[in-house]
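The values are calculated or read from the model by the stated rules, or taken from the named source; none is laboratory data. Source: prediction; values computed, not measured. When we count neighbours, we look across all protein chains shown, and the Cβ atoms used for this are built from the backbone with ideal geometry, even at glycine. The area values use the complete protein model at the heavy-atom level, side chains included, leaving out ligands, DNA and RNA. Shrake-Rupley method; radii C 1.70, N 1.55, O 1.52, S 1.80 Å.
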Amino acid sequence: LLSQDILVPLRLIATSDPQIRNAIIRGTNRQTAVSEEQFYALEDLPKKLELYFASFEDPAQRLYYERQSKQYAGAKGIQQVRIIDLAGLVRAYASIFLDFPHRTTRNYRGLLKSIKSEFFDKDNCLEMYYASALADFRLDFLFRRGEIGSELKPARYHILFLFRLLTKPDLPKWRNSNKMKEYCEELMAALWDDALSKARFLRASEIAREAVGPVFDRDSRDRIRTEPFTEKVRAMALKEPKIAA
């Protein structure tokens, strides 16, 4: 309890401008431990993603973007495997839409810092983020069922990258265009098709396995995390005949 002789100064700041609000929160974050991820939750894009992900009426298509840590903890009717957080979404998005699968695991914070302005662009097509999360969810399902061997998990983000190349290799230039929206809708349609998505993920895993070589050891895991490996699997995928839809 404070003595009556002690005066504690308080400063109240009111604003309706979200940019000013966020700047104030960051500027006064000196005595409380607030992670950078919690600050990112204040951006416009994560709020849009939270609503968009939960907007799909078909339960088989619905995913949940966890904008704030543990916001779905204990929520009834929500499978944990259908929840994707910022780290998972950044890695999947960077692999599929930025061609950076080799940068996803070694230095996540460095990756996020380097793509921050692009990733959080509020004008980007929301479909890009959902397609990224959906691809990650579908691949994880195949790993959990043992249909893709666990030894390939170090190459999981290359498998996501390969799925896109096998499905529709040429990305539209503008991330906020109708062409990008249509492109993502084709990816989503392929991912919603159980047989088709499984066939493409299995072929992607075969390409990754062939590129790694017969032995999975520390050296091969390190090699996977390099740009030359990404370019190697890209060249292999582009030689593939397109799998019929």
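See the values below:
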| read-out | value |
| --- | --- |
| Matching residues in the range 111-133 - criterion: being more than 25 Å from N178 (Cα to Cα) and open to solvent by less than 30 Å² (accessible area, probe 1.4 Å) | L111, L112 |
| Candidates L51, L45, filtered to the one that is modelled with pLDDT of 60 or more, open to solvent by less than 40 Å² (accessible area, probe 1.4 Å) and outside any loop (DSSP other than H, G, I, E, B) | L45 |
| Of the criteria (1) surrounded by fewer than 19 Cβ atoms within 10 Å (Cβ to Cβ); (2) in contact with a Phe, Trp or Tyr (Cβ under 7 Å, 6 or more places away or on another chain), which one D170 fails | (2) |
| Where a residue in the range 217-229 is closer than 11 Å to R103 by Cβ and its partner, wherever it lies, is outside any helix (DSSP H, G or I), with Cβ under 6 Å and at least six apart | R225/R106 |
| The range 64-99, residues that are on the phi < 0 side of the Ramachandran plot, touching a residue at least 60 places away in the same chain (Cβ under 8 Å) and surrounded by fewer than 22 Cβ atoms within 10 Å (Cβ to Cβ) | V81 |
| Output for the range 188-245, where each listed residue is β-branched (V, I, T) and open to solvent by 80 Å² or more (accessible area, probe 1.4 Å) | V215 |
| Failed item in (1) of a type outside the set (A, V, I, L, M, F, W, C); (2) touching a residue at least 60 places away in the same chain (Cβ under 8 Å); (3) surrounded by 15 or more Cβ atoms within 10 Å (Cβ to Cβ), with E151 passing the rest | (3) |
| Any helices (runs of 4 or more DSSP H) falling wholly within the range 133-245 and containing at least 3 residues that are closer than 25 Å to F56 by Cβ and of a type outside the set (A, V, I, L, M) | 156-167, 178-192, 194-212 |
| Test result for D136, at positive phi, touching a Lys or Arg at 6+ places or on another chain (Cβ under 9 Å) and either surrounded by 14 or more Cβ atoms within 10 Å (Cβ to Cβ) or basic (K, R) (or both) | no |
